[in-house]
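Engineer: Handing you this structure, nothing more for now.
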Amino acid sequence: MIKKIILTLILALPLISLAESIAIIVPFPAGGAYDIVARKFARFIDEGSNTTTITTNVLGAGGYIGIQKLATSPPNTLLITSSSFYSNLKSYNIPLENFEYVSVLASAPYFLIGSVKKDLTCEKLKNNQNIFFVGTAGKNSASSIPLYMIQEKYNNFKEVPYKGTVTAITDLLSGEIDLTLITGLFHNRPDVTIIANTSDSSFSDVPSFKKCLGINKTMTSDFIIVASKNSSVEFLNRINSLASKFTNDKQTREYFKENGLISKTENLEKTKKTIMNEFEKTNDILSDVKN
């Protein structure tokens, strides 16, 4: 009987080895926009191929701990992150060439939100000299940049850094902070007011920073797939192809539309150029608002 079990296991080994494993790192807490998109993408990969994906949340330093984790990870490891990736590379003097760039899944403006209880509006924010405490996903995170843009014009907005936006939203609803910045729309939340967005025009009836607060600077945040430097070209091309199929999937398109995300998938060569351009643009904004 034991010999028969051992023989069965040995015969099964070649079949088991055919199943590829992909690790996905999300440098933000579970439940946020990036975590949700990463897990949707992981599920899409699992359902469409002989692959097992393992998604792990690695928190800290506005996404930097996740970048460190990717740098020491084996091939077939992905990081799904935000535009904080660009500011982290700049802050810690990490060359772009240290990683491979698979795809920019989507982009979205940041949305400035408040709780319904506090009833904050554009006019109240512009004409009120009280201190407003604004939650961000962490110092030097992508969500810090729109706050720096506000602070350049208004000195009564103060940053409260969190490890991701999920906790910030919890504190917003409990009244611990006044405002926060998110990358997903909260149309189905009756307890949240969406005040303004960081694009150059109204977005789903939400006014721009310029119209709301008289701020001329704009920005969007990307949903980026970054890979380990040791990843093979074959692996990069396959994930890039899966990313394109994912963003064109009907359910993904519906989710993106509902949450204010715009698909941006391109081939590997164009993706790298996009990453380089966005890296320079983000750091130009940071230089402008901090000087």
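None of the figures in this text is laboratory data; all of them are computed from the coordinates on show. All figures in this text were calculated on a predicted structure; none of them were measured in a lab. Here the Cβ is made from the backbone with ideal geometry for all residues, glycine too, and neighbour counts use every protein chain on show.
Engineer: 7 Å from Cα along Cα→Cβ at both Val233 and Ser174: what's the point-to-point distance in nm?
Structural biologist: It is 5.3 nm.
Engineer: What's the local net charge at Leu125, with K and R +1, D and E -1, over the other residues with C-beta under 14 Å away?
Structural biologist: +4
Engineer: Okay, next question. Given the options Pro190, Pro207, Pro27, which has the most mean-square fluctuation in a GNM of the chain, springs set between C-alpha atoms less than 10 angstrom apart?
Structural biologist: Pro190
Engineer: Sequence neighbours fewer than 8 away in the same chain don't count; with that in mind, list the lysines whose C-alpha is under 20 Å from Lys229.
Structural biologist: Here the lysines satisfying the reach criterion relative to Lys229 are Lys69, Lys90, Lys270, Lys272, Lys273.
Engineer: Sequence neighbours fewer than 8 away in the same chain don't count; with that in mind, list the aspartates and glutamates whose C-alpha is under 13 Å from Lys139.
Structural biologist: Correct list for Lys139: Glu159.
Engineer: Just to confirm my numbers, what's the Cα centroid distance between the range 94-112 and the range 54-73 in Å?
Structural biologist: 14
Engineer: Can I ask one more? Quick one: net charge of Phe256's neighbours, Cβ under 12 Å, K/R +1, D/E -1?
Structural biologist: So the environment of Phe256 carries a net charge of +2.
Engineer: Ok, one more. Go through 160-166, 100-106, 226-232 and give me the packing order, highest mean Cβ count within 10 Å leading.
Structural biologist: Top to bottom by mean Cβ count within 10 Å: 100-106, 160-166, 226-232.
Engineer: So how do 73-81, 113-121, 135-143 stack up, highest first, on mean other-Cβ count within 10 Å?
Structural biologist: Highest to lowest by the protection proxy: 135-143, 73-81, 113-121.
Engineer: What Kirkwood radius, in Å to one decimal, follows from the Cα pairs of the range 109-213?
Structural biologist: 13.4
Engineer: Considering the options Ile24, Tyr110, Ser201, tell which one lies farthest towards the positive end of the dipole of the chain, charges being +1 on Lys and Arg and -1 on Asp and Glu at the Cβ, about the Cα centre.
Structural biologist: The residue sitting farthest along the positive end of the dipole is Ile24.
Engineer: OK, next. Counting only helical runs of four or more DSSP H residues, what would the 222 nm mean residue ellipticity of the chain come to if each run contributes -39,500 (n - 2.57) and the total is spread over all its residues?
Structural biologist: Value at 222 nm, helices only: -13500 deg cm²/dmol.
Engineer: For the chain, what's the relative contact order in percent, using C-alpha pairs closer than 8 Å and at least 6 residues apart?
Structural biologist: Reported as a whole number, the value is 24 percent.
Engineer: While we're here: Assign unit charges at the C-beta atoms only (+1 for Lys and Arg, -1 for Asp and Glu), then state the dipole size of the range 44-176 relative to its Cα centre in Debye, rounded to the nearest 20.
Structural biologist: It comes to approximately 480 debye.
Engineer: Moving on. With an 8 Å Cα cut-off and a minimum separation of 6 or more residues, compute the relative contact order for the range 109-213 in percent.
Structural biologist: Relative contact order for the range 109-213 comes out at 40 percent.
Engineer: Same structure again: Taking Cα pairs under 8 Å and at least six residues apart, what relative contact order does the range 194-287 come out at, in percent?
Structural biologist: For the range 194-287, the relative contact order is 17 percent.
Engineer: If every alpha-carbon in the chain counts as one equal scatterer, what log10 I(q)/I(0) does Debye give at q = 0.09, 0.10, 0.14 1/Å?
Structural biologist: Debye output, listed in q order: -0.45, -0.54, -0.99.
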